[in-house]
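The next block holds one structure in the form of structure tokens; read it before the comments.
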Amino acid sequence: METVTHDKPAAARTTDAPAAAGPAEVTARWRAAAAATGTGDRAVAERAVRAAYRAAGLPEPVAIRWFGSPLAAAGAAMELRAAGAQSVREAVRTRPWEEARRRTVEQVGAADWPAHWALTGGELGPVTTPLADRVRNAVLDRLAPEADREADTAVATGARARRTTVRLALLDAVRGHHDAPWFAAFEAAGASADAVAPLAELAREAGWWWPYREVALLSERPTELHRDEAGRLDRADGPALEYADGFALHAWRGMPVPAEFLAGLAEVTVERIRTEENAELRRVLLEHYGYDRYLADSGAEPIHRDETGVLWRIVLPDDEPVVMVEVVNSTPEPDGTHRTYWLRVPPSTRTARAGVAWTFGIPETAYHPQRET
């Protein structure tokens, strides 16, 4: 999935970034940009690319090529490198970035920089950076799978060499919308003008991209993005992250899982959970099935009970046991019933009271509630 734009004349200066606003407003805008899906405005993106080259003192690229995903664009970048193409990432992204960081710290003051970052990039980084790393690692694994442990020396050497080649191509990439934490920090400080402004404009309309001397490779944003309340990739009935050309990542509450694994979640049984050899996938099966349901269906026995609740232990092969406290909410629901909760606690927990105390962050000896709610 690729389109090519050739030899367009220099366009007018790219649209200025939004006027400076408070950190919360700026961060919200970049949070939305980082999570945006679907095709952006290609004309705006291409003008931004040309402006970025001009700001770096470089001739505009002769061609701008679009791809459906970072995977396809990275493959094209490998071909360009093999043909001797010269990356201009240093001029287009690295140097302007360093200047913008310097100006940002200068603008807010070194003493106030940690607080500024906490309100901007620090808000977005824990969600955006792991996602970008997941994309990078998936591209690496798709383009250069690691050799099987039983592969002969020549095959293993070839696999390592190809992975090195892919890594080098990925180093040429600019992460576009996944650089949102830094764009938020720059903009909130009023330091995103000049050379960084075109990069920000491009990040609002496209995904990862690769700047080379005569050609720029741009990838589209994903078509689907599904995350849980913690911002982790999460979807039980399909790809959690998907691009128009079919490149996709499957995940359950942040953990990578095979596509075929998710297809079988609807028919999970106790025996299926018991026989799963991969400990991480077994935990996914348990979470999907439900710990309370598993306790009931597997015939598990409580190991301790007191006035605070009941302590249960699930022994799993080749993995640490799952220990949970069953507690009943003392406050009745509107219909008069009392809801039961299952709280997962450390495997070393020996009493129900110790488990409940752990959920409050205090030792068992200090847990003496006067009134439970």
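Here are a few things to note about the model shown:
- Looking across the range 107-120 at every residue that is touching a residue at least 60 places away in the same chain (Cβ under 8 Å) and open to solvent by 80 Å² or more (accessible area, probe 1.4 Å), the one that is farthest from GLY190 (Cα to Cα) is identified as LEU119.
- In the range 207-231, residue nearest to ALA73 (Cα to Cα) [restricted to those that are touching a residue at least 60 places away in the same chain (Cβ under 8 Å) and of a type in the set (D, E, K, R)]: GLU220
- Per-region count, the range 254-291, residues of a type outside the set (A, V, I, L, M, F, W, C) and either in contact with a Pro (Cβ under 6 Å, 6 or more places away or on another chain) or within 30 Å of GLY75 (Cβ to Cβ) (or both): 6
- Contact map, the range 34-59: residues that are closer than 30 Å to PRO126 by Cβ paired with residues that are in a loop (DSSP other than H, G, I, E, B) and hydroxyl-bearing (Ser, Thr, Tyr), Cβ distance under 6 Å, separation 6+ or inter-chain. Pairs shown: THR37/THR223; ALA48/THR14.
- Residue in the range 243-296 that is nearest to ALA206 (Cα to Cα), counting only those that are of a type in the set (D, E, K, R) and outside any helix (DSSP H, G or I): ASP245
- Residue check, PRO239 free of Cβ contacts under 8 Å to residues at least 24 places away in the same chain, more than 29 Å from GLU326 (Cβ to Cβ) and either under 15 Å from the mean Cα position of the chain (by Cα) or buried (at least 17 other Cβ atoms within 10 Å of the Cβ) (or both): yes
- Search result, residues across the range 183-213 that are open to solvent by 10 Å² or more (accessible area, probe 1.4 Å), over 18 Å from ALA55 (Cα atoms) and in a helix (DSSP H, G or I): ALA188
- Look at the range 121-139: where a residue is at positive phi, no partner that is buried (at least 17 other Cβ atoms within 10 Å of the Cβ) sits 6+ places away or on another chain with Cβ atoms under 8 Å.
- In summary, VAL270 fulfils each of the numbered conditions (1) open to solvent by 80 Å² or more (accessible area, probe 1.4 Å); (2) in contact with a helix residue (DSSP H, G or I) (Cβ under 7 Å, 6 or more places away or on another chain) with the single exception of condition (1).
- Residue match in the range 334-342 (condition: part of a strand (DSSP E or B) and in contact with a helix residue (DSSP H, G or I) (Cβ under 7 Å, 6 or more places away or on another chain)): yes
The rows are residues; the columns are (1) open to solvent by 30 Å² or more (accessible area, probe 1.4 Å); (2) closer than 19 Å to HIS250 by Cα; (3) modelled with pLDDT of 95 or more.
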| position | (1), (2), (3) |
| --- | --- |
| VAL127 | yes, yes, no |
| VAL135 | no, yes, yes |
| LEU140 | no, yes, yes |
| GLU150 | yes, no, no |
| ALA156 | no, no, no |
| ARG163 | no, no, no |
| VAL166 | no, no, yes |
| ALA169 | no, no, yes |
| ALA173 | no, no, yes |
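- Any chance THR337 is more than 21 Å from SER298 (Cα to Cα), touching a residue at least 24 places away in the same chain (Cβ under 8 Å), exposed (fewer than 11 other Cβ atoms within 10 Å of the Cβ) and of a type in the set (Val, Ile, Thr): no
The values are calculated or read from the model by the stated rules, or taken from the named source; none is laboratory data. This structure is a prediction, so every number in the text was calculated from the model and none was measured. Reconstructed Cβ throughout: ideal geometry from the backbone, glycine too, with neighbour counts over all protein chains shown. The area values use the complete protein model at the heavy-atom level, side chains included, leaving out ligands, DNA and RNA. Shrake-Rupley method; radii C 1.70, N 1.55, O 1.52, S 1.80 Å.
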